[in-house]
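Structure first, then comments.
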């Protein structure tokens with residue numbers, strides 16, 4: 001039964017992720033991203049990590065997607081002249097950013113130890129997660145919060161109407 005749920009949630013996440021990239025309408029792509037994030041939260045539940053699943057839904061599917069939709073609505077993506085000359089620079093920058101993201105993911109996965117000790121309660125697992133997050137990964141945690149703040153400020157500046 002667990003394998004059935006895994007394939008169902010994994011397939012849903014995969015289809016939704018492809019839809020995020022393939023859909024032309026920005027709002028539909030954002031909806032597909034919400035479906036993908038919720039399917040990933042279901043996969044976390046299958047891995048017996050309910051806290052991570054709840055954080056996935058609350059933080060990513062809730063707060064971050066609200067921020068994305070807010071920015072989408074502010075930028076008015078249906079206007080023809082939103083980003084007329086930036087696509088060429090973005091095409092050159094995208095592979096570099098993707099390589100950096102993959103490098104960071106590789107480094108994180110190498111340091112992460114899969115599985116916990118047998119008989120470890122959820123509370124001690126949560127304590128271990130919090131201790132690791134706020135000791136070993138404090139700098140990336142803070143950099144992420146600054147990055148999100150810069151993104152919000154950038155969206156407000158881009159959406160500001162010139163008088």
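Numbers for the structure displayed
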quantity: Any helices (runs of 4 or more DSSP H) falling wholly within region 42-152 and containing at least 1 residues that are modelled with pLDDT under 75; calculated: 65-75, 87-111, 122-135
quantity: Subset of region 7-19 that is touching a helix residue (DSSP H, G or I) at 6+ places or on another chain (Cβ under 8 Å) and modelled with pLDDT of 90 or more - its residue that is farthest from residue 40 (Cα to Cα); calculated: 19
quantity: Which listed residue is in contact with a helix residue (DSSP H, G or I) (Cβ under 9 Å, 6 or more places away or on another chain), at positive phi and outside the structural domain of residue 126 (by TED's automatic domain parsing), from 2, 48; calculated: 48
quantity: Cross-chain or 6+ apart pairs with Cβ under 7 Å, region 8-37 first and farther than 22 Å from residue 59 by Cα and in the same structural domain as residue 68 (by TED's automatic domain parsing), then at pLDDT below 90 and in a helix (DSSP H, G or I); calculated: 23/29; 23/32
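Results for (1) in a loop (DSSP other than H, G, I, E, B); (2) surrounded by fewer than 15 Cβ atoms within 10 Å (Cβ to Cβ), shown as yes or no for each residue.
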| site | (1), (2) |
| --- | --- |
| 3 | no, yes |
| 12 | no, no |
| 24 | yes, yes |
| 34 | no, no |
| 39 | no, no |
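The values are calculated or read from the model by the stated rules, or taken from the named source; none is laboratory data. Source: prediction; values computed, not measured. Cβ sites come from the backbone with ideal geometry, for glycine too, and all protein chains shown count toward neighbours.
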